[in-house]
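The values are calculated or read from the model by the stated rules, or taken from the named source; none is laboratory data. Not measured: the values here are computed from a predicted model. Glycine gets a Cβ as well: all are built from the backbone with ideal geometry, and neighbour counts include every protein chain shown. Ligands, DNA and RNA are excluded from the accessible area calculation, which covers all protein heavy atoms including side chains. Shrake-Rupley method; radii C 1.70, N 1.55, O 1.52, S 1.80 Å.
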Amino acid sequence: MPETEKIAILPYRKVFQIAWQGLRIRLVKTFLVTSCITLALAFLTYILFSNGMVAGVAERASEALRQRLAREGILEQMLSAEQRTQTAWMLGIALMNSFVGIVNAMLISVTERFREIGTMKCLGGLDSFIVKLYLFESLCQGIVGTALGMVIGLVLAYAEGVSLFGREAWTLLPAASVLRILAASFFSGVGLTVLGALYPAWSAAHMEPVDAMRSEV
Amino acid sequence: MSGEEAAGTVVSPGGEGEAGVDLLATHIVRAIGVRKIFTMGGEKVHALKGVDFKVERGEYVAIMGPSGSGKSTLFNMIGGLDKPNAGKVFIDEVDIAALNMYELAWLRCHKIGYIFQTFNLIPVATALDNVMLPMLFADMVQAEAQDKAVELLRKVGLGDRVFHKPVQMSGGQQQRVAVARALANNPAIVLADEPTGNLDSTTGRQIIDLLREINESEGVTVITATHDHKMLAVSDRIAWLTDGAIERYVSRDALDIQEGRADAR
Ligand SMILES: Nc1ncnc2c1ncn2[C@@H]1O[C@H](COP(=O)(O)OP(=O)(O)O)[C@@H](O)[C@H]1O
Ligand SMILES: [Mg+2]
C-alpha cells in the first residue's frame with residue numbers, strides 16, 4: 001500500500017455525507033429536533049426585534065407616532081417591568097425546553113444507532129469520528145432549525161410592529177442593530193444545538209463495540 | 001493447510017505443549033486460558049472457562065457449538081471487541097490487552113475483518129460507501145479507496161449493485177457487501193460470527209463458499225463461529241465448543257472419514 005499523501009479533509013466529507021444521509025432517512029425525528037430549535041429561535045428572534053423596535057421609538061419615531069402611542073398607553077405597557085420579567089422568563093423556559101429537547105432527541109438517536117456505532121468502531125473508526133458524526137448532524141439541524149426560526153420570528157415581530165407603529169416600524173431599527181440581532185439569534189441557535197449534542201455524542205463514542213452491538217438485539 | 005498434527009483424528013484441547021514449544025510457529029491467533037464471566041442480576045455466568053485456541057495463518061477454522069455455548073464471546077475476545085477476565089489473546093503475537101485505544105482501532109481496521117450475523121451495514125450508506133468506510137478510516141485516498149471498493153464488490157459478485165443501499169438488497173447480497181467490507185484493508189484474519197445465521201440454506205452455502213474462496217485465493221485466515229453444519233465441509237479444522245470450553249478439535253481429514261456421524265451431531 002503506497003503511503004501517498006493523506007488528505008485529512010476526506011474523512012470529513014464522508015462524515016458529513018453519512019450524517020446528512022442519516023438526517024434525510026430519519027426525516028420525522030430530524031423534523032422534531034429541528035422544530036424544537038425553530039420554535040425557541042422564533043421566540044428569541046421575535047423578542048429581540050420587538051424589544052429593539054420599542055427601544056427605537058424613543059430616538060427614532062416621529063412626534064405624531066409618539067403622541068399616539070402615549071395616548072393609547074401601548075408603550076407603557078410594553079416597557080413595564082412586569083411585562084419584561086415575564087418575557088425574560090418565557091424566553092428562558094423556551095430556550096431551556098429546546099435544549100432539553102435536543103439532548104433528548106440526540107440521546108434517542110444514539111440509542112437507535114448502537115449497532116451502527118459499534119460497527120463503525122469495529123471497522124477502525126476512532127471515538128473522534130463518532131463525535132464528529134454527531135456534531136455534524138446536530139450542526140445541520142441547528143442551522144436549518146435556526147434559520148427557519150429566525151425567519152418566523154422576524155416576520156412575527158415586523159407584523160406586530162407594523163400593526164402598532166404603522167409604516168414607521170421599518171425605520172425604528174437601524175441596519176446595524178438588525179444585523180446584530182440576526183447574528184445573535186443565529187449563533188445562539190446553532191450553539192445551543194451543538195452544545196445539546198455534545199454529551200450524547202461523547203457517550204456514543206465511548207461505548208465499547210460489544211456493548212454497542214449487544215444492546216439492540 | 002496441513003498443520004503439524006493435521007494427520008487426522010481427534011486432538012484433545014490443550015493436549016500439545018502450551019507455551020515455549022512452538023513460539024516460533026506461525027500462529028496468527030493464540031488464545032491462552034481465556035475466561036469470561038458475565039454478571040447478570042447478581043448471578044455469574046461463566047461464558048468461557050479457560051479456552052486455549054490457536055489458529056495458524058491461512059487456516060479456515062470453524063468454532064462450532066450449540067447456542068449459548070460461548071461462540072460469540074470467544075469471537076469478541078479474538079476480535080479485540082471485549083476483554084477476558086483472565087487469560088491472554090495474541091493476534092500475530094501481539095497481546096491485545098497491551099494495546100491502547102489507537103492501536104486497538106488500528107488492529108481492528110487493518111488486521112481483522114468482521115462479518116456479523118445481522119450484516120451490520122451502515123443503513124444510510126450505499127454498498128460502495130460501506131466498503132469504502134474502513135479504507136477511509138485507514139486514511140486511504142478517496143479515489144484509490146473507491147476503485148478498490150468497486151473491485152471488491154465485483155469480486156463478491158455485486159459489480160452491478162454498487163450504488164444500492166442495504167434496504168434495496170437481499171440478505172445474501174448484504175452479507176456479500178459485508179464480506180467485501182471485511183476485506184477492505186487486506187486483513188490477515190476474517191472473523192465471522194454466524195455469517196449464515198440469517199440466510200436461507202442456498203444463500204448461506206454461497207457465503208460459505210465465498211469465504212472459502214477468499215481464504216484460498218488471498219490466504220486470509222478465516223475463523224467462523226457457527227452452528228451451521230454446512231460449514232463443516234469447507235473448514236480445515238473445527239473446534240467444538242460446549243458450555244464455555246473447547247470439547248475437542250476435529251481436523252478436516254478426520255471429518256471426511258466420519259462424515260455421516262459429524263453431520264448427525
Ligand atoms: N453481555 C452478557 N451478559 C450476560 N451474559 C452473557 C452476555 N453475553 C453472553 N452471555 C452469556 O454467555 C453465554 C455464552 O453466550 P454466547 O457467547 O453469546 O453464545 P453463542 O454465541 O454460542 O450462542 C450464554 O449463556 C449467554 O447467556
Ligand atoms: Mg452467538
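Below, the figures for the structure above:
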quantity: Scope segment B:139-164; condition under 22 Å from A:Leu126 (Cβ atoms), open to solvent by less than 30 Å² (accessible area, probe 1.4 Å) and assigned to a loop (DSSP other than H, G, I, E, B); matching residues; calculated: B:Met140
quantity: Set B:Ser72, B:Ser67: member being within 15 Å of ligand 1 (Cβ to nearest atom) and either in a loop (DSSP other than H, G, I, E, B) or over 20 Å from A:Ile117 (Cα atoms) (or both); calculated: B:Ser67
quantity: Segments classed as helices (runs of 4 or more DSSP H), wholly inside segment A:54-160, with at least 3 members that are in contact (Cβ under 8 Å) with a residue 12 or more places away in the chain and open to solvent by less than 30 Å² (accessible area, probe 1.4 Å); calculated: A:81-112, A:114-122
quantity: Boolean, B:Gly87 is open to solvent by 10 Å² or more (accessible area, probe 1.4 Å), within 13 Å of ligand 1 (Cβ to nearest atom) and at positive phi; calculated: no
quantity: Checklist (1) among the β-branched types (Val, Ile, Thr); (2) open to solvent by less than 50 Å² (accessible area, probe 1.4 Å); (3) touching a residue at least 24 places away in the same chain (Cβ under 8 Å) applied to B:Thr26, failing item; calculated: (2)
quantity: Segment B:179-195, subset within 16 Å of ligand 2 (Cβ to nearest atom) and open to solvent by less than 10 Å² (accessible area, probe 1.4 Å), residue nearest to the other protein chains (Cβ to nearest Cβ); calculated: B:Leu191
quantity: Test: B:Ile122 is within 16 Å of ligand 1 (Cβ to nearest atom) and within 12 Å of chain A (Cβ to nearest Cβ); calculated: no
quantity: Qualifying residue in segment B:53-61 (condition: within 16 Å of ligand 1 (Cβ to nearest atom), on the phi < 0 side of the Ramachandran plot and away from chain A (no Cβ under 14 Å)); calculated: yes
quantity: Contacts under 7 angstrom Cβ, first residue in segment B:215-234 being within 16 Å of ligand 2 (Cβ to nearest atom), partner in a loop (DSSP other than H, G, I, E, B), 6 or more apart; calculated: B:Thr224/B:Pro195; B:Ala225/B:Glu194; B:Thr226/B:Glu194; B:Thr226/B:Thr196; B:His227/B:Gly65; B:His227/B:Pro66; B:His227/B:Ser67; B:Asp228/B:Thr196
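Conditions tested, residue by residue: (1) within 25 Å of B:Val234 (Cβ to Cβ); (2) β-branched (Val, Ile, Thr); (3) within 16 Å of ligand 2 (Cβ to nearest atom).
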site: B:Thr39; (1), (2), (3): no, yes, no
site: B:Lys44; (1), (2), (3): no, no, no
site: B:Leu48; (1), (2), (3): no, no, yes
site: B:Val51; (1), (2), (3): yes, yes, yes
site: B:Gly68; (1), (2), (3): yes, no, yes
site: B:Asn76; (1), (2), (3): yes, no, yes
site: B:Gly79; (1), (2), (3): yes, no, yes
site: B:Phe90; (1), (2), (3): no, no, no
site: B:Asp95; (1), (2), (3): no, no, no
